[in-house]
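Right, one structure below, let's go through it.
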Amino acid sequence: MVDVLRVPFPVLQSSPSLSFKPRLCPLIPPSRRLHLKSNSLLFPLFSSSPSFFKLPLRCSSPSMPLQLSSLSQDSLLYSRAYWVTKTIIAWNVDVVEGSCYLYASRVAALSVTDNGIQGHDLEIKLEEDRSGLPPNVIEKFPHIRDYRAFKLPPVLDAKNLVKCQLAVAEFNSQGKCRNATGLQLPGVLDELFSYDGPLGAFYSAEAVSLCLWAPTAQAVYAHIYKDPVGGSPLEIIPLEETNGVWSTKGPKSWEGCYYKYEVSVYHPSTLHIEKCYANDPYARGLSADGKRTLFVNLHADDLKPEGWDELADMKPDILSFSDISIYELHIRDFSANDDTVNADFRGGYMAFTLKDSAGVLHLKKLSKAGITHVHLLPTFQFAAVDDEKENWKYVDSKILEKLPPDSAEQQEKITAIQDDDAYNWGYNPVLCGVPKGSYSSDPNGPCRIVEFRKMIQALTHIGLRVVLDVVYNHLHANGPFDKDSVLDKIVPGYYLRRNTDGFIENSTCVNNTASEHYMVERLIIDDLLSWAINYKVDGFRFDLMGHIMKRTMVKAKDALCSLTKERDGVDGSRIYIYGEGWDFGEVAKNGRGINAAQFNICGTGIGSFNDRIRDAMLGGSPFGPPLQQGFVTGLLLEPNGHDHGTKDVEKAMLASAKDHIQVGLAANLRGFVLTDFEGKERKGSEVLCYGETPVGYAFCPTETVNYVSAHDNETLFDIISLKTPVGISVEDRCRMNHFATSIIALTQGIPFFHAGDEMLRSKSLDRDSYNSGDWFNRLDFTYNSNNWGVGLPPKQKNENSWPLIQPRLADPSFKPQRSHILAAVENFTDVLCIRYSSPLFRLRTANAIQERVRFHNTGPSWVPGFIVMSIEDGNEGIPGLSQLDPIGIIQ
């Protein structure tokens, strides 16, 4: 028989509309009791399971709702009501003659019956506010603007109540329960617990302090370990709570040890109080595979390479963001197959520190020609690649090399081990503030930190600034049990965006985050500042930026811009940020607030990728017919047999594509005026595509990132090889590749190139190589091969196109020779040199572009296939223009 004690629940003052039903809970062992302040709520760390069955972790999306009865125990798996402020609950129910109640259980014992909610400690009658939701709530949660507002008593002690399992129920006039659901809490958590103080681990001369934001937690402990894995904790330390922040202070000897949090918290996915074991969301070091958080002081001298503190003074000069050009590169691609790199360094940070490897020599060549920034695909701690190299699986490349170029065997062997090899792009975020362990020589201890800094330092010495690819739009894992779940263990239901049923939104791919919530936004900005200050990076590319709120992006830009060399060791005014401004999913059309989509972000100075110029050049879109041609790939002039319509239709398509490219050449400015193919003067915003979507949207040139290929979709050479007629020569395809990169290199705005564009890079026509291993992602900086014809690309993403792909891979005439690759590299660097030979190619303002950039061969009499652009200087040019370049007029 278990001992019991009665627990007070003083969460409110007396009120006639409230009723409190005391319950019994298991006796808490004295050694594990919380220290209570007056008027506080006691919570057991260990509670017996509720009488109803234990439910598995569930996650759904709007397109896949759970098929449950309207009123059952499973009703509580839904969270269709929103606690939006301390005194308001929003719920989409119509209460005419009935009533609504809020219920709470500190031990998660709520259950649903026809008579209502059972197992509660607290029952509160809700009163409808006929005036509806206030404007500030609608602004924060626009998707529930039409919900009914229900008032809570102002005397309610909400800060304690949010630690309970909560539900609301609706009753008809006869007292029968008609509806019941759980609650979503981010609104009230933001109102009551928004916090700007210290978080994470902090180091002084005498002590180490920990701070964790976890307002819904009932108890938090820090388990301190000597080693990165295994063994018992050296000690288990209880943290004390102050207004939702749990903290403790320990000895200096903790530094170099590891820790993990134990958080007891109600989790809506299981309907239980769960004991979750999680890393610190503000971790700055980890053990291998993120098993534990490392106590590491990033300011310690022994973690700084020689000359690190002076690195900001060695950064290449960037007078204006208009001078930027970007080269997108994956860390493993850079050296995994480079025999000129020491085997221990291949595929990792240290490969960038060599002086004369093939890859480093190539980067030096690009830097000399004009490339200013290397954009590194995800470098933070991500899932899907084991940090321990001894656990990686391999396929013998010598076996693969013997197979036919159109064989399916290569992809069979690669995909058989693809989840256990060393490769993944890394868009599987676990902890975004720590370098990835698999790229370091030792994933335990501080090695990854030191080697990451050495990589940044080495690239700086080459003359290159560094952009990090950051993924704050989603998380790899959720729930209380997944080893890669962190944030959803600390404050369940807060960090991840949920739909109106309460299930996690997955439009990004999985586990969308919610930057509209204050502490999610804060975490993003704090992470960015850490990377900028502690690793001296020079820019950030935001994956699916449109799923992040515009406010968050602007605050991030302002925070970074405020950094100074004197105070922070970096010049924040030189940090450039840009991202994917796609507008889709639940955030589309400002569905969750004003998001950072292309048309919203313009005017902020933040860049976004220009898909208009890409699609006009290549034809269609990555999601359209694979053989649809564009301006560069032979539309009208080199037909491939695809049915584009009549010749007149094709000519109109080509003319329209030309206009889209011309707007892109003028930095995709919304206000740039040009003569279109019909002979009409139009602004960039009046040239239309994509179902009447404007082509031009930018306010200034540095808000446009022009590109024709990136890591997503086929490489440039591959898409040209797919869309062009089978019968043309490889020389013609190489010229088209050069034509495409030259257009991008000569655009106003910021040009962006995928690594290998300049080398005719192929992935054997793989349209999504995120998990296709080193084999399909190989880069050869010795220029001996472009990786064409290394087998049919992996079946999962490419099988539908195999009938198109196979004959092309089988045809030896498609494969470029070394002479073609060398010529492509030379042509690419020559055009870059032209770009940087004159400031006229890098105009800094919209006005300057409008005044100086001209397009010819326009109107209905245009000659198909030609784009003619001139840039006027002030020397014997247009009166009133200042002279920027002594060379004069450029055509």
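Just need the Rg to Rh number for the chain, please, alpha carbons only, Kirkwood Rh. Let's see the in-between values first.
Values: Rg = 29.6 Å, Rh = 29.6 Å.
Result: Rg/Rh = 1.00.
Strictly over 18 Å apart at the Cα level, which of LYS389/LYS454; LYS249/LYS483; LYS275/LYS483; LYS365/LYS565; LYS260/LYS291; LYS304/LYS368 would you flag in this model? Beyond 18 Å between Cα atoms: LYS389/LYS454; LYS249/LYS483; LYS365/LYS565; LYS304/LYS368. Is the shape of region 355-473 rounded, prolate or oblate, going by the alpha carbon gyration tensor and its root eigenvalues a ≥ b ≥ c, with a/c under 1.5 for rounded and a/b larger than b/c for prolate? Oblate is the answer for region 355-473, as a/c is 1.5 or above yet b/c matches or exceeds a/b.
Carbon-plus-sulfur fraction of the accessible area of region 193-303, 1.4 Å probe, in percent? Don't skip to the end; give the middle numbers.
Numbers: 2040 of 3890 Å².
Result for region 193-303: 52 percent of the exposed heavy-atom area is carbon or sulfur.
Given contacts defined as C-alpha pairs under 8 Å and at least six residues apart, what's the relative contact order of region 644-777, whole-number percent? Walk me through the numbers before you get to the answer.
Details: 197 pairs, mean separation 32.1, N = 134.
Dividing the mean separation by the residue count of region 644-777 yields 24 percent.
Farthest towards the positive end of the charge dipole of the chain, among the residues GLY624, ASN506, ALA222, is the Cα of ALA222, using unit charges on the Cβ of Lys, Arg, Asp and Glu.
Report the calculated FRET efficiency for PHE866 and ALA343 (r = Cβ-Cβ distance, R0 = 60 Å), to the nearest 0.05.
Once rounded, the FRET efficiency stands at 0.75.
If you stretched the chain out fully between ASN172 and THR113, how much longer would it get, using 0.36 nm times the residue separation minus the C-alpha to C-alpha distance?
On the way: separation 59, 0.36 × 59 = 21.24 nm, distance 1.42 nm.
Going from the current span to full extension adds 19.8 nm.
Working note: Debye formula, equal point scatterers on the alpha-carbon atoms of region 193-303, no solvent; log10 I(q)/I(0) at q = 0.11, 0.24 Å⁻¹ is -0.34, -1.46.
Across region 549-562, rounded Karplus estimates of 3J(HN,Hα) from the backbone phi angles (6.51 cos²θ - 1.76 cosθ + 1.60, θ = phi - 60°) give 6, 4, 4, 5, 5, 5, 5, 5, 4, 5, 5, 5, 5, 7 Hz, Gly and Pro being marked x.
Roughly how many debye, to the nearest 20, is the charge dipole of the chain about its Cα centre, given +1 on each Lys and Arg Cβ, -1 on each Asp and Glu Cβ, and no other charges?
Values: 89 positive and 107 negative charges, 328 e Å.
So the dipole magnitude of the chain works out to roughly 1580 debye.
Kirkwood hydrodynamic radius of region 480-556, from the reciprocal of the average inverse Cα-Cα distance over all distinct pairs: 13.7 Å.
Ignoring lysines fewer than eight residues from LYS680 along the same chain, the ones with Cα atoms less than 16 angstrom from its Cα are LYS658. Averaging the sequence gap over all C-alpha pairs within less than 8 Å and six or more residues apart, then dividing by the number of residues, gives the chain a relative contact order of 10 percent. Note on LYS398 and PHE584: with the Förster distance fixed at 60 Å, the Cβ-Cβ geometry gives a FRET efficiency of about 0.85. Hey, quick one: spin label on GLN796, modelled 7 Å out along Cα-Cβ, who in region 369-413 has an amide N within reach, i.e. under 19 Å? What the label zone holds, given the 19 Å backbone N cut-off, is 378, 382-387, 392-395, 408-413. Dividing the Cα radius of gyration by the Kirkwood radius, what Rg/Rh value follows for region 137-195? For region 137-195, the value is 1.00. For HIS299, the solvent-accessible surface computed with a 1.4 Å probe is close to 120 Å², ligands and nucleic acids excluded. Counting only protein heavy atoms and a 1.4 Å probe, the chain has 37 square angstrom of accessible area per residue. Here's the picture: charge each Lys and Arg Cβ at +1 and each Asp and Glu Cβ at -1 in region 432-490, and of HIS474, VAL450, SER440 the one pushed furthest to the positive end of that dipole is VAL450.
Apply 1/(1 + (r/R0)^6) to the Cβ-Cβ distance of ASP811 and GLU206, taking R0 = 45 Å, and write down the FRET efficiency to the nearest 0.05. Between ASP811 and GLU206 the formula returns 0.05.
Each 5 Å bin from zero up to the one holding the largest Cα-Cα distance in region 589-667 carries the following percent of pairs: 3, 15, 21, 19, 13, 11, 9, 6, 3, 0. Surface calculation, 1.4 Å probe, protein heavy atoms: LYS159 sits at approximately 80 Å² accessible. Ignoring aspartates and glutamates fewer than eight residues from LYS125 along the same chain, the ones with Cα atoms less than 17 angstrom from its Cα are ASP94, GLU97, ASP157, GLU170.
Here's the picture: charge each Lys and Arg Cβ at +1 and each Asp and Glu Cβ at -1 in region 193-303, and of ALA283, PRO268, ASN297 the one pushed furthest to the positive end of that dipole is PRO268. In this label model, THR564 and SER194 are separated by 2.7 nm, measuring between points 7 Å along each Cα→Cβ vector.
Once the chain from ASP313 to LYS647 is taken as fully extended at 0.36 nm per residue, the excess over their C-alpha distance is 114.4 nm. Distances between placed amide hydrogens fall under 5 Å for ALA383 paired with ASN428, VAL430, all partners being 5 or more residues away or on another chain.
Going highest first, how would you order 822-829, 745-752, 393-400 by mean Cβ packing within 10 Å? Can you show the working numbers first?
Working: 822-829: 18.5, 745-752: 26.5, 393-400: 12.6.
Ranked from most to least packed, the peptides come out as 745-752, 822-829, 393-400.
The share of accessible area on region 363-429 that comes from carbon and sulfur is 48 percent, using a 1.4 angstrom probe. Let a ≥ b ≥ c be the square roots of the eigenvalues of the Cα gyration tensor of region 73-188; is it rounded (a/c under 1.5), or, if not, prolate (a/b larger than b/c) or oblate? In terms of gyration-tensor shape, oblate. Note on VAL726 and THR242: their simple-model spin labels are 7.4 nm apart, each label 7 Å out from Cα toward Cβ. Under 5 Å from the amide H of ASP469 lie the amide H atoms of LEU376, THR379, ARG541, each residue being 5 or more positions distant or on a separate chain, with H modelled from the backbone and absent for Pro and chain starts.
Counting only protein heavy atoms and using a 1.4 Å probe, what share of the accessible area of region 73-188 belongs to carbon plus sulfur, as a whole percent?
On the way: 1730 of 4050 Å².
Carbon-and-sulfur percentage of accessible area, whole number: 43.
In debye, nearest 20, what is the charge dipole magnitude of region 530-582 about its Cα centre with +1 on Lys and Arg Cβ and -1 on Asp and Glu Cβ, if you could check?
Values: 9 positive and 7 negative charges, 27 e Å.
Using Cβ point charges on Lys, Arg, Asp and Glu, region 530-582 gives about 120 debye.
If the chain linking GLU409 and ARG818 were pulled fully straight, counting 0.36 nm for each residue of separation and taking away their Cα-Cα distance, it would gain 144.6 nm.
The values are calculated or read from the model by the stated rules, or taken from the named source; none is laboratory data. As the structure is a computational prediction, the values presented were derived from the model and not from experiment. Because the Cβ atoms are built from the backbone with ideal geometry, glycine has one as well, and the counts that use them run over all protein chains shown. Areas reflect the complete protein model, heavy atoms only, side chains present, ligands, DNA and RNA absent. Shrake-Rupley method; radii C 1.70, N 1.55, O 1.52, S 1.80 Å.
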